Each structure stands twice: as C-alpha cells, then as structure tokens.
Amino acid sequence: MNNEAMLHDATHASHHDHGHEHHEQHFITKYIFSQDHKMIAKQFLITGIIWAVIGALMSVFFRLQLGFPDKTFPIMEKFLGEWAKGGKLNPEFYYALVTMHGTILVFFVLTAGLSGTFSNLLIPLQVGARDMASPFMNMLSYWFFFTASVFMFISLFIETGPASGGWTTYPPLSALKEASMGSGLGMDLWLTSMALFVVSSLLGGLNYIATVLNMRTTGMTMTRMPLTIWAFFFTAVLGVLSFPVLLSGFVLLIFDRNFGTSFYLSEIFIGGRALPNVGGSAILYQHLFWFLGHPEVYIIMLPGMGMASEILSNNSRKPIFGYLAMVISLIGITVLAFLVWAHHMFVTGMSPFLGSIFVLLTLLIAVPSAVKVFNWLTTIWKGNLRFTVGMLFALGFVSLFISGGLTGIFLGNSALDIHLHDTYFVVAHFHIVMGVSAFFGMFAGIYHWFPKMFGRFMNNTLGYIHFFITIIGAYLIFWPMHYEGVAGMPRRYYDFSAWQSFNSFQGLNAFISVVTIIVFFAQILFVVNFFVSIFRGKKVTTQNPWSSPTLEWTTPIHPGHGNWDGPIPTVYRWAYDYKDNGEGGDFIAQNVPLKEGEEAH
Amino acid sequence: MSVFILITLVVIVFGIIYQIAKASEYAAVLNGEEKVKQQTNKLMASLLVAFFLLGMYGIVKCHTALMKHMIPESASVEGVGFDSMFTTTLIVTGIVFVITQTLLFWFVYKYQSRPGSKAAFISHNNKLELIWTTIPAIVMAGLVVIGLKNWITITSPAPKDAQIVEVVGKQFNWLIRYPGKDGVLGKRDFRKISDENNVLGLDWNDKDNKDDIISQNGELHIVVNKPVKLIIGSRDVIHDVGLPHFRMKMDAVPGIATTIWFTPRYTTAEMKVKTNNPDFVYEISCDQMCGKGHYSMRGTVIVETQAEHDAWLAKQQSYWDVNNAPATPAADTAAVASTTMNN
Ligand code: HEM
Ligand SMILES: [Cu+2]
Ligand SMILES: [Cu+2]
C-alpha cells in the first residue's frame, strides 16, 4: 500500500474521531490480528519480554548447578520435576537448558524481540510513513514468530526434553537420535520452530527494507534519516541475505535426520552399530550455520547501535558526531559481516591458508567498530548531558561494546583462538558484546520510546536502580570469566569437580552464580516497571517529551493507525539539528522549513 | 508450599520497592520538577563516575585474585608464541580500553548538564576521523602480522622425526593408539568397529595394525622435547582434543582426520616441581559439545623422558595380542578394563 492509499484509511479514521462517534475497532483486529505497525511492535516486545524471562530463569537454574555442584536445590524440582530430581539438575537437562537459553536469547529475544519491536515501531514513524509497505506481511511476520514460539515452548515439555546440542546444534550430535536424548523429538521441534522463525524474519526484513526504500515522506532523503533507520535497514539486509542460508542448512539437517541422506554424516559408529552414511561432511553444516551465525550477531548488534546513537545525541543535545562516518561504518560492518564466518571454525581442521584470510578480514571489522566508538565518544564530548534512564543505558551500551569488542580482537587472531576457542573466554566475549551490550541498547530504546508506545513514562527511580544493578552485575559476572577462559576452562561443562586444571575456580563460579541471581531479580524489577507503567505510569502531556527533532514526536501522543491525523509532515533538514532555534529552544525539528539564509546540513 | 512463600515474599519486596519509587516520583512533582531533575542529573553523573572508579579498582583486584589460579606458562615450544602474543594483544587492547573508558566517563562528568550550560554544535571533523580510522587499521595490521607468523608456525607440517599418535574421541572417552614398533598406524574402517574386540575398527588384513597399541584409559604418553603429531578422529559425533597446557586444540570430526603437532617442554615430573603441586597432571579436555557426558570426557597427558617412555612402551601389549593371544593374566585385565571403559 502506498502512503496515499493509507492516508485515505487514516483520514477516514480520524474523521470519526473528530465526530466523537466511537467507531470501536474490534478487539481482535486491534490487539490480536492487528496490521498497525505500532501494535505489532508491542506484540513483538511483549512476546520478547516473556521469552527473556524464561531464558533468564533457565540461566539461573544452570548457574546454580555450576556454582554449587555439590548442593541440591529442592525448589528446582518444583519447577523442573523429573529433570531436577532431588533438587539436582540432571546433565542431560543441563545441556537442554543451556541450548534453550542460547536459542531463546539469541533468536527470540535479541532478534525478534529487538528488531521486531523497534524496526516496526520506528521505521514508519521516523521516515514518515503511515505504516509498513505491507501491513499484512508484517502481521504475518509476527504470527510466524508466534507459531515458532509455540513449537519451541512445547518442546520444553516433552518427555525426551528439548534440543540439547548447544544453540549451534552441530551435527552429527544433533542429527542422530542415538547421540543424545535431545536429538530426538526435541530437535525436530527445534528445527520446525527455527524454520518458522526464519520465515518470520524474512517477512519482517523484506518489509523493513521496502519501507525504508519506498515510503519515506517528502524531503526525507536517505541522508536525512536518523541513524536508527540506517541501522534497522542494514539489520534487515543482513537478515534477508543470511537467513536463507541457515534455512538451507536446516533443510539438509532435516533430510539427514529423517530421510537417510548423508550431507553431514560420514563413517559413524554409534549406539552399537555402524551407520550406512558415508561421504558427508559434518563441517559443511558449520559453514552454513556460521554464514548466518556471524551476520546474526550483527543483526543483534546493529539495532542497539542505531538506538544508542540516537539516544546519545538526543540526550547530549548535540548532533551525532560524524553522521556520514557512522553510515559508512555501518555499511562496512554489513559487508564484512558476510566475510568472516569461518573465524568460528579455526580449529575444525580448515586449511591454514583459508584461516589466514579469515584472520585478516576479521580484524578488519574492528576498524569500523572502532570508528563507531570514537564517534559516540565525540558525540557526548562538549554536549549538555541529560541523564535519563535511556541515556544511562546508551552510555552503558558504549562501555560494554568497547569491553566486548576488544576481546574479539583476541579471538579473531587464529593463533590465539586455538587456545581460547570454546572456553569461557568466548562466553565472556559474546555475552558482554552481544548479550549484555545489545540488551542495553534494547533497554535504552524501551525507556526512551515507551512514551511513544504507551503514552506514559516508565518509573525513573526503578529505571535507575535497574540500570546500576544490571551494569555492575554484568561486569561482575562476565569479567572474571575471561580469566577462566585463559586458563583453558571449557564452556558447556556440567561440572568441573573432576578437573584439576579448572576446579580451583569453584569459588569464583559460586560468586558468579550469586550475582546472576541478583541480576535476575533486577530484571524482574524492570518487567514489573514495564507492565505496571503501561497502565499506571505518569502520563505524557507534551507531544515531544525528549525535545527530539525526529518525526515520531510530531505524531499525536496517542497516534492512531496511520500515525498522523493530518497530512504526513514534510522534511526539510537532517535528524540532528540540535542548534538554537532562535526562540530559546535547543533543537529544530526535521519538519521545520529552513529559515531564510539557513543552509541545510 | 515453600515455593508459594518465596513467591509471595518476592512479590511483597517488589511491591515495596515499587511504592517507594512511585513516592519519589510524586515527591519530585511536589518539589518542582526542574529542581529535582537537576539534582538527579548531578547524582547520576556522580554515580557513573563512582561506578567507573570502583570498576577500575575492581579490575585490579580481580586480576590479583585470579592470577594465582592461572595455568602455568606454555608447556609446549609452539605455545610460547601464544603466551607472548597474548601479552602483546593484552597490552594493545588494554591501552585502548583504558583510554576509551576513561574518556567516556570523564565526558559524562565534565559535560553533565548544569543550569545554563549549552551544548556545542559540532557535527564532524574529517581530519580527526581520518586519523582514528587509520590508527586502528595500522594497529590491526600489526596484530595480524604477529598472528599469522604464529599461525604459520603452528600449522606448518610436523617435523619428520615427530612421534605419531592417534587420538580418537567417542562418547565419552578418548581412545589412544600408538603405532608400535613399525612406526606406522594401520588402516581403520568404521564398519569393523566392535566394542568387544575392535574399538577402533582396525583392519586386521593390514599387517601394520598387528603391533598397534590402543590405550583406553585416556592416557597419552609422549616424550619431552620430541615433537609429537596427533592424528585426530572421532567414532561418533564431533569432539575436540583440548590441551590447555600446551595451548593446542583441534576438533575430532567423524570421517575426517585432523592433525596437530607440538613439542612438550617439561615432563610431568618437572611440572610437579614447577607448579609446586605433587598431584599435577596435564589434562585433555573435550572442547566440543558432544552430549550428556561432554564434561566428563577427560584424558591425561604423561610427558616423560625417552627412557621412561621406552620402558613404558615395552610393557604395552599390542591390541591384536590383547584380543587374540592365549589368555595371559595381563591380557585378561586389559580386556576387562576395555569393556568397562566402553560406556
Ligand atoms: C571487534 C569485533 C569482533 C571480533 C574480531 C570478533 C571475533 C570473534 C571470534 C573470532 C569468535 C569465535 C571465537 C571462538 O569460538 O573461538 C567470536 C565469537 C562470538 N562473537 Fe565475536 N567478534 C567481534 C564482535 C562481536 C560482536 C559485535 C558480537 C555480537 C553482537 C559478537 C558475538 C559473538 C558471538 C555470539 C560469538 C560466539 C558464538 C558461539 O560460539 O556460540 N562478536 N567473535
Ligand atoms: Cu563471528
Ligand atoms: Cu565433548
């Protein structure tokens, strides 16, 4: 649908409003099968939050095992039943929990919950469109995600348990029912769920791309777009180009599991017999997986980068520093993200020469990443900093991105990775940079755009408490893990007691687990704040509470479907005009025409 | 019941925190929003700086507390390059870390909004941006050069005189095969595997197999100062031979043989002295998720002198003999050991 057609719908709707006759939209079309991008954004967000709580709770359970391997926790039996008989996790289920934690957080929370929420909410609002290019596809995107969620959720309750081969589900482990309990029905459900998830991502991504390219309002040239939009755009590009490869990897896996093919299987003796499969390569799957897997980490990272840029600039009352460099570095990251996947596979026995190429390309990606960091620093430099909760999370985002990005430089160098691979060093690296940092981007976005979503503010005091507990906790949890990793401590171990080289970290593991529990409750505080504020939060009374130049704040406080009551505003300037407006204000909105003699940026 | 009480407790605590937070918002309204906003802003700037300072202190504390749990310096000649390269990278990234984090929190404090303060309008600076793009690029190039130098050393073909040992992973233990007197590992065929009498599927038509020795207790015996080349394989799923003390690691993939080689520098006995730990052992960890017993897939490496190694080797019976020789008492125990190890 083009903007004009939608305008018809929208003016139609607003006509009713003006006439004060309540044209009640049906509950189902308004809240469930909604085609309004803002409602779909909320659906993604709330589904994401529910998943995040489940995923985080899982981590509490397995951290209890890691921290206190010789104790029992009867309360776990209440939650997990047979799987934690006598209050002790069984190893099989420990691995299932780790696998589900990874899958849920990476895909359901930080991909769907993050891009799904903010691309949906912000793309039409910030480029000046009534809705997505295809609202119907957008609705489908959510419902595919929902269906994927249902399958994944069901897999938690089946007798053989959910998939348990790690979130990367490498065959042959994931391909052979004999290899582990989770490779049975649980794995089938995992694959079904993930296939649906890929469809959801593609529907969403294509829509975002189409909307950014085609639906911008008059005057909104590409270089006038806020960096959030650039970030969402490249996120979608990454997804659209890499998810199909993942899907093909999954399809081959489904064939190997069910139809006797040998794409990934060769020369295997398991369960007391030799399998007939020969000629396949288990490594092929890893190539297909990481061809998505690496771009995926940037799919998770870019939205946070975009939102942090926006929020930092807004709360510094100062333009983003080096807008063009920011866009170019996004392009650089996007292109390079496709060319580094094999850095996850340095020790699979790949050709050393190929390894060298991937070292080079991997360390190259540190350059645009560094540029972004410097630009954020110079954005707040000489600013007039306003520490809203969103701003704190954006600052935390930068701090964490630095910390986690730097450890990537160790891992990207194959000669170092040979020792660090699959140790807690990797766990620390990706949790800081992708786990926590991306979450900080997401929190920043939620606190900042909550007023736009619900017409109310979240509680600030709770927000501040949430921020400080989370950032302190995150560093306390993940910083020491680097040391464990350097000592060679492998990840995905259920118990280290028998290992002389690693069991001296037992005290540290217990400490980490305790902090995990505290941080978990801080997140519950956030969830409570979120849901209570939807209904009870302080009401937004001004149209533009953060004094932001971007278009979403030109809509009514409670925008209807169609976003603007009247015509869509025309854009005359870039998104970062934080300068004196001549009337005592410190910014000029994008829809304000240039003054006489004023030059566009 | 206890769950119920716990949940109630949590709910109550949250309720209280929420009420306090709510009250503080109302107080803000009463005291005049602007003033409270300014106070909060100041408080947050200070808290962020406090967080930074405590964090830097914490990093030092963490370092001193954990360094004593570190594994000792590289026990392989090839791993020495790892250690020095790790230190170099640590210094480079450490400098960047300190500079950027300091700037971040310093700016937070310095440029906090104060009554009457204003932001400067600065949108870009091409020269500055060029500089900070070039410098990281050069630094990265430096790290790549060091890295590739080491990478080429590690991945170069093993020296001709290297001892050859095969390490095969299976759920959930390591099978280790020595080539015997002929120095050649005979052919294997996964179709010939039998947990009773042919754990690696040795092809008995290949005479090279007749003297091969298989140890099923996960002990890898190698000789100090003599390069050893590991031929790595797997019977079932992907495993990974992790040798943290030697800074080495390689996946064990079914159907594909991978290799690594290295030269041990210290015997196990020497390490016991060096680490002041009379129980010291080199451990082989499985570093690739392989199923429910992944965490228990432990092997050990015994680094010994050539003389000790020869003596040990002389006592080993070839796998063929273990299974086919008239039952001597020694063979019996080995066979029993092999069946108990199989699951
Ligand atoms: C300076 C940039 C970065 C470099 C050079 C880098 C390098 C690497 C390398 C080489 C690995 C593989 C380590 C191993 O398994 O042995 C790795 C793992 C990982 N990285 Fe990064 N990384 C960088 C930034 C990021 C960012 C920005 C994210 C996320 C947003 C990220 C997320 C991950 C994840 C999730 C893994 C682990 C996947 C797994 O094995 O489960 N990295 N990184
Ligand atoms: Cu990667
Ligand atoms: Cu394993």
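Some points to look at:
Yes/no matrix, rows are residues, columns are (1) under 17 Å from A:Lys372 (Cβ atoms); (2) part of a loop (DSSP other than H, G, I, E, B):
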residue: A:Trp230; (1), (2): yes, no
residue: A:Leu238; (1), (2): yes, no
residue: A:Ser242; (1), (2): no, no
residue: A:Ile254; (1), (2): no, no
residue: A:Leu265; (1), (2): no, yes
residue: A:Leu288; (1), (2): no, no
residue: A:Val297; (1), (2): yes, no
residue: A:Ile300; (1), (2): yes, no
residue: A:Ser309; (1), (2): yes, no
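- Residues of the stretch A:401-412 include at least one that is under 30 Å from A:Leu227 (Cα atoms), within 10 Å of another protein chain (Cβ to nearest Cβ), within 16 Å of ligand 1 (Cβ to nearest atom) and without any contact (Cβ under 8 Å) to a residue 12 or more places away in the chain.
- Scanning the stretch A:371-385 for residues that are in a helix (DSSP H, G or I) and either open to solvent by less than 20 Å² (accessible area, probe 1.4 Å) or more than 7 Å from chain B (Cβ to nearest Cβ) (or both) returns A:Val371, A:Lys372, A:Val373, A:Asn375, A:Trp376, A:Leu377, A:Thr378, A:Thr379, A:Ile380.
- Flag if A:Val519 is among the β-branched types (Val, Ile, Thr) and either in a loop (DSSP other than H, G, I, E, B) or within 13 Å of chain B (Cβ to nearest Cβ) (or both): no
- Flag if B:Ile152 is more than 25 Å from A:Ala487 (Cα to Cα), within 14 Å of another protein chain (Cβ to nearest Cβ), free of Cβ contacts under 8 Å to residues at least 40 places away in the same chain and out of contact with any strand residue (DSSP E or B) (no Cβ under 6 Å at 6 or more places or on another chain): no
- Residue pairs meeting the criteria (Cβ under 6 Å; at least 6 apart or on separate chains; first on the phi > 0 side of the Ramachandran plot, in the stretch A:498-520; second modelled with pLDDT of 95 or more and open to solvent by 20 Å² or more (accessible area, probe 1.4 Å)): none
- Residues that are away from ligand 1 (no atom under 16 Å from the Cβ), among the basic types (Lys, Arg), within 20 Å of the chain's Cα centre (by Cα) and within 13 Å of chain A (Cβ to nearest Cβ) are absent from the stretch B:270-282.
- Tally of residues being over 18 Å from A:Gly182 (Cα atoms), away from ligand 1 (no atom under 15 Å from the Cβ) and under 14 Å from the mean Cα position of the chain (by Cα) across the stretch B:287-297: 0
Each row is one residue, and each column tells you yes or no for (1) in contact (Cβ under 8 Å) with a residue 24 or more places away in the chain; (2) under 12 Å from the mean Cα position of the chain (by Cα); (3) open to solvent by less than 10 Å² (accessible area, probe 1.4 Å).
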{"site": "A:Met301", "(1), (2), (3)": "yes, yes, yes"}
{"site": "A:Glu310", "(1), (2), (3)": "yes, no, yes"}
{"site": "A:Pro319", "(1), (2), (3)": "yes, no, yes"}
{"site": "A:Gly322", "(1), (2), (3)": "yes, no, yes"}
{"site": "A:Gly332", "(1), (2), (3)": "yes, no, no"}
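- Any hit, the stretch A:378-393, residues being within 16 Å of ligand 2 (Cβ to nearest atom) and small (Gly, Ala, Ser): no
- Residue in the stretch A:441-461 that is in a helix (DSSP H, G or I) and within 7 Å of chain B (Cβ to nearest Cβ) present: yes
- Any hit, the stretch A:234-245, residues being at pLDDT 95 or above, open to solvent by less than 10 Å² (accessible area, probe 1.4 Å) and within 13 Å of chain B (Cβ to nearest Cβ): no
- Pairs, first at the interface with another protein chain (Cβ under 7 Å from one of its Cβ atoms) and closer than 12 Å to B:Gly255 by Cα in the stretch A:262-274, second of a type in the set (A, V, I, L, M, F, W, C) and surrounded by fewer than 19 Cβ atoms within 10 Å (Cβ to Cβ), C-beta under 7 Å, six or more apart: A:Ser266/A:Val278; A:Glu267/A:Val278
- If only residues of the stretch B:114-140 that are in a helix (DSSP H, G or I) and at the interface with chain A (Cβ under 8 Å from one of its Cβ atoms) are counted, the one that is most open to solvent (accessible area, probe 1.4 Å) is B:Leu128.
- Candidate set from the stretch A:361-388 (those that are of a type in the set (A, V, I, L, M) and within 25 Å of A:His448 (Cβ to Cβ)); member that is farthest from ligand 1 (Cβ to nearest atom): A:Leu385
- Qualifying residue in the stretch A:315-331 (condition: within 16 Å of ligand 2 (Cβ to nearest atom), assigned to a loop (DSSP other than H, G, I, E, B) and either within 9 Å of chain B (Cβ to nearest Cβ) or over 27 Å from A:Met225 (Cα atoms) (or both)): no
- Restricting attention to the stretch A:472-499, the residues being facing chain B (nearest Cβ under 7 Å) and either assigned to a loop (DSSP other than H, G, I, E, B) or among the basic types (Lys, Arg) (or both) number 8.
- Every residue from the stretch B:228-251 that is away from ligand 3 (no atom under 16 Å from the Cβ), closer than 13 Å to B:Val167 by Cβ and open to solvent by 10 Å² or more (accessible area, probe 1.4 Å): B:Lys229, B:Ile231
- For the stretch B:300-321, the tally of residues that are within 30 Å of A:Thr423 (Cα to Cα) and either more than 30 Å from the chain's Cα centre (by Cα) or surrounded by fewer than 24 Cβ atoms within 10 Å (Cβ to Cβ) (or both) stands at 4.
- Any hit, the stretch B:70-82, residues being over 30 Å from B:Trp261 (Cβ atoms) and either under 42 Å from the mean Cα position of the chain (by Cα) or more than 8 Å from chain A (Cβ to nearest Cβ) (or both): no
- When A:Ser164, A:Ser174, A:Ser180, A:Ser201 are screened for being over 28 Å from B:Gln171 (Cβ atoms) and hydroxyl-bearing (Ser, Thr, Tyr), only A:Ser201 passes.
- Residues in the stretch A:411-424 that are assigned to a helix (DSSP H, G or I) and open to solvent by 10 Å² or more (accessible area, probe 1.4 Å) were compared, and the one that is nearest to ligand 3 (Cβ to nearest atom) is A:Tyr424.
- Some residue of the stretch A:428-443 being among the hydroxyl-bearing types (Ser, Thr, Tyr), more than 16 Å from ligand 3 (Cβ to nearest atom), open to solvent by less than 10 Å² (accessible area, probe 1.4 Å) and modelled with pLDDT of 95 or more: yes
- Any hit, the stretch A:345-356, residues being within 16 Å of ligand 2 (Cβ to nearest atom), open to solvent by less than 30 Å² (accessible area, probe 1.4 Å), in contact with a helix residue (DSSP H, G or I) (Cβ under 6 Å, 6 or more places away or on another chain) and in a helix (DSSP H, G or I): yes
- Complete set of residues in the stretch B:82-113 that are in contact (Cβ under 8 Å) with a residue 60 or more places away in the chain and open to solvent by less than 20 Å² (accessible area, probe 1.4 Å): B:Phe82, B:Met85, B:Val108, B:Gln112
The values are calculated or read from the model by the stated rules, or taken from the named source; none is laboratory data. What you see is a predicted model, and the numbers here were worked out from it, not measured in a lab. Glycine gets a Cβ as well: all are built from the backbone with ideal geometry, and neighbour counts include every protein chain shown. Remember, those area values only see protein heavy atoms, side chains included, never the ligands or the DNA or RNA. Shrake-Rupley method; radii C 1.70, N 1.55, O 1.52, S 1.80 Å.
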